[in-house]
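Scroll down for the structure; my scribbles are underneath it.
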Amino acid sequence: MRTRVSAALSAFLDRQEAEVLRLISPDLVEPAEALRSFLDGGKRMRPAFCYWGWRAAGGARADEALEQAALVAAASLELLQASALIHDDYMDGSDTRRGKPAVHRRFEALHRVGGWEGSPERFGAAAAILLGDITLTWCDEMFTRSGFDAARIHAARPVFDLMRSEVMAGQYLDVLAQSRGLSVASPAEILERAETVIRFKSAKYTIERPLQLGAALATGDAAETGALSVALSEYGLPLGEAFQLRDDVLGVFGDPAATGKPAGDDLREGKQTVLVALAAARADEVRLKLLREGLGDPDLDAAGVAALQEVIVDTGALESVEERIAQRTRRALEALDGAPVTDEAREVLGELAIAATSRLG
């Protein structure tokens, strides 16, 4: 699946570079190369769930043209993911992504090496914003021209549009939560805020919406997809939340060799995750003060990260999040058991559920 998605993305980028970017200016070769590098990696989770949503609704590999269209449509979601991550890395001030320099850092370095005028940081920020914008635009273009007929694209368009709106809304709520900090709301409000962020910034557009998108492409009929769409939501939403909760754990305790980001990066960025919200709610005065002072400190060193990790463990927040991951995964698998999907799709979606929640990076 990853190989086929990567091939579809590569073919699309080849065409965009040859037919658009190079015709505009040779100076656009560097942005094209940056996007190739950025897209060369990742778990391809969203394309996988989109494709298997298509198969779950009756999409069959026997028709080669439809099979290829399903792969291309699914692969387009990697461009939406790229847009979100490029912008997210700039907003969070992240230095790396998947073990490579974040896009804004890459273009800062290009500016410095070139000895150009002005601020390298402003140039890097501008480049990241624009590359995030173009990948969002290309996501729409790749999806629309995937090879499905107009009726199927039209049937899937409401899910596609809603998915993109939800992730942008979730991103804003994430930024807002970081800006408000831990001092302006009750522990219950902080936790509710964190749960809303994971639902809309990640859970829905990682699993639930891709599944529903694939199903809509398979049937081409909103009425026919209705009952299946509900069943896919009952599987996809709790699984998406479990996926993001695992991501939150990795953002604090993950091995940089596996995650591609420095240990404790979410703490330096001030991410108000469910993990942090639970720790804040359960911490005594001393631990809460330590958490408030360290969270969001970009200069937090290894000792500072270790101190906050200790707070999270000692308050039971880590154990509680692991329990939530297990509970939501079980709920998803129980929903899958009763879902009106093909046997093959049920088996693969069960395997994907385990892969999404037990990963190391």
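The values are calculated or read from the model by the stated rules, or taken from the named source; none is laboratory data. Predicted, not measured: the structure shown is a model, and the values here were computed from it. Heads up, the Cβs are rebuilt from the backbone with ideal geometry, glycines too, and the neighbour counts pull from every protein chain shown.
Here are some conditions: (1) of a type in the set (A, V, I, L, M); (2) more than 30 Å from Val341 (Cα to Cα); (3) in contact (Cβ under 8 Å) with a residue 60 or more places away in the chain. Ile198 meets all but one. Which one does it not meet?
Evaluating Ile198 over (1) of a type in the set (A, V, I, L, M); (2) more than 30 Å from Val341 (Cα to Cα); (3) in contact (Cβ under 8 Å) with a residue 60 or more places away in the chain leaves (2) as the failure.
Among the residues in region 278-299, are any over 25 Å from the mean Cα position of the chain (by Cα) and on the phi > 0 side of the Ramachandran plot?
No, the conditions are met nowhere in region 278-299.
Does Leu182 fit the bill of being of a type outside the set (Asp, Glu), loosely packed, with under 15 Cβ neighbours inside 10 Å and either part of a loop (DSSP other than H, G, I, E, B) or without any contact (Cβ under 8 Å) to a residue 60 or more places away in the chain (or both)? I'd like the intermediate steps shown before the answer.
On the way: of a type outside the set (Asp, Glu): yes; loosely packed, with under 15 Cβ neighbours inside 10 Å: no; either part of a loop (DSSP other than H, G, I, E, B) or without any contact (Cβ under 8 Å) to a residue 60 or more places away in the chain (or both): yes.
Against the criterion (of a type outside the set (Asp, Glu), loosely packed, with under 15 Cβ neighbours inside 10 Å and either part of a loop (DSSP other than H, G, I, E, B) or without any contact (Cβ under 8 Å) to a residue 60 or more places away in the chain (or both)), Leu182 does not qualify.
Would you say Asp266 is within 20 Å of Pro101 (Cα to Cα), under 24 Å from the mean Cα position of the chain (by Cα) and not basic (Lys, Arg)? Spell out how you get there, then give the answer.
Values: within 20 Å of Pro101 (Cα to Cα): yes; under 24 Å from the mean Cα position of the chain (by Cα): yes; not basic (Lys, Arg): yes.
Answer is yes for this residue.
Do the conditions hold for Arg292, that is, is it touching a residue at least 60 places away in the same chain (Cβ under 8 Å) and either closer than 30 Å to Pro340 by Cα or of a type in the set (S, T, N, Q) (or both)?
The answer is no for Arg292.
Looking at Ser94, Ser83, Ser119, Ser146, can you tell me which residue is among the polar types (S, T, N, Q), without any contact (Cβ under 8 Å) to a residue 12 or more places away in the chain and more than 30 Å from Gly338 (Cα to Cα)?
Ser119
Would you check if there is a residue in region 247-260 being outside any helix (DSSP H, G or I), closer than 25 Å to Arg97 by Cβ and touching a strand residue (DSSP E or B) at 6+ places or on another chain (Cβ under 9 Å)?
Among the residues of region 247-260, at least one is outside any helix (DSSP H, G or I), closer than 25 Å to Arg97 by Cβ and touching a strand residue (DSSP E or B) at 6+ places or on another chain (Cβ under 9 Å), which makes the answer yes.
List, please: which pairs have Cβ atoms under 9 Å, are six or more places apart or on different chains, and start with a residue in region 307-327 that is on the phi > 0 side of the Ramachandran plot and end with one that is among the basic types (Lys, Arg) and crowded, with 17+ Cβ neighbours inside 10 Å?
So the pair list comes out as Gly316/Arg282.
Please verify whether region 277-288 includes one or more residues that are among the hydrophobic types (A, V, I, L, M, F, W, C), at pLDDT 95 or above, crowded, with 22+ Cβ neighbours inside 10 Å and within 14 Å of Glu310 (Cα to Cα).
Yes: region 277-288 contains one or more residues that are among the hydrophobic types (A, V, I, L, M, F, W, C), at pLDDT 95 or above, crowded, with 22+ Cβ neighbours inside 10 Å and within 14 Å of Glu310 (Cα to Cα).
Within region 43-56, track down each residue that is buried (at least 20 other Cβ atoms within 10 Å of the Cβ) and assigned to a loop (DSSP other than H, G, I, E, B).
Scanning region 43-56 gives a single hit, Arg44.
Of everything in region 57-76, what is surrounded by 24 or more Cβ atoms within 10 Å (Cβ to Cβ) and either under 15 Å from the mean Cα position of the chain (by Cα) or modelled with pLDDT under 95 (or both)? Give them in sequence order.
Ala57, Ala74, Ala75, Ser76
Run down Ala155, Ala177 and say which single residue is hydrophobic (A, V, I, L, M, F, W, C), within 15 Å of Gly214 (Cα to Cα), modelled with pLDDT under 95 and surrounded by 18 or more Cβ atoms within 10 Å (Cβ to Cβ).
Exactly one residue qualifies, and that residue is Ala155.
Tell me the residue from Gln309, Gln327 that is surrounded by 13 or more Cβ atoms within 10 Å (Cβ to Cβ), within 28 Å of Gly93 (Cβ to Cβ) and either at pLDDT 95 or above or not hydrophobic (A, V, I, L, M, F, W, C) (or both), please.
On the way: Gln327 fails: within 28 Å of Gly93 (Cβ to Cβ).
From the options Gln309, Gln327, the qualifying one is Gln309.
Restricting to region 328-342, what's the tally of residues that are assigned to a helix (DSSP H, G or I), in contact (Cβ under 8 Å) with a residue 24 or more places away in the chain and of a type outside the set (A, V, I, L, M)?
So the answer is 3.
Give region 77-136 a look and list any residue that's among the polar types (S, T, N, Q), part of a loop (DSSP other than H, G, I, E, B) and surrounded by fewer than 17 Cβ atoms within 10 Å (Cβ to Cβ), or say none.
Within region 77-136, just Ser119 meets the criteria.
Just give me the residues in region 292-313 being of a type outside the set (Val, Ile, Thr), in contact with a helix residue (DSSP H, G or I) (Cβ under 7 Å, 6 or more places away or on another chain) and part of a helix (DSSP H, G or I), in sequence order. If you could, list the steps in order and put the result at the bottom.
Taking region 292-313 as the starting set, the residues that turn out to be of a type outside the set (Val, Ile, Thr) are 292-304, 306-310.
After this cut, where a residue has to be in contact with a helix residue (DSSP H, G or I) (Cβ under 7 Å, 6 or more places away or on another chain) as well, the list is 294-298, 300, 304, 307-309.
Matches in region 292-313: Gly294, Gly304, Ala307, Leu308, Gln309.
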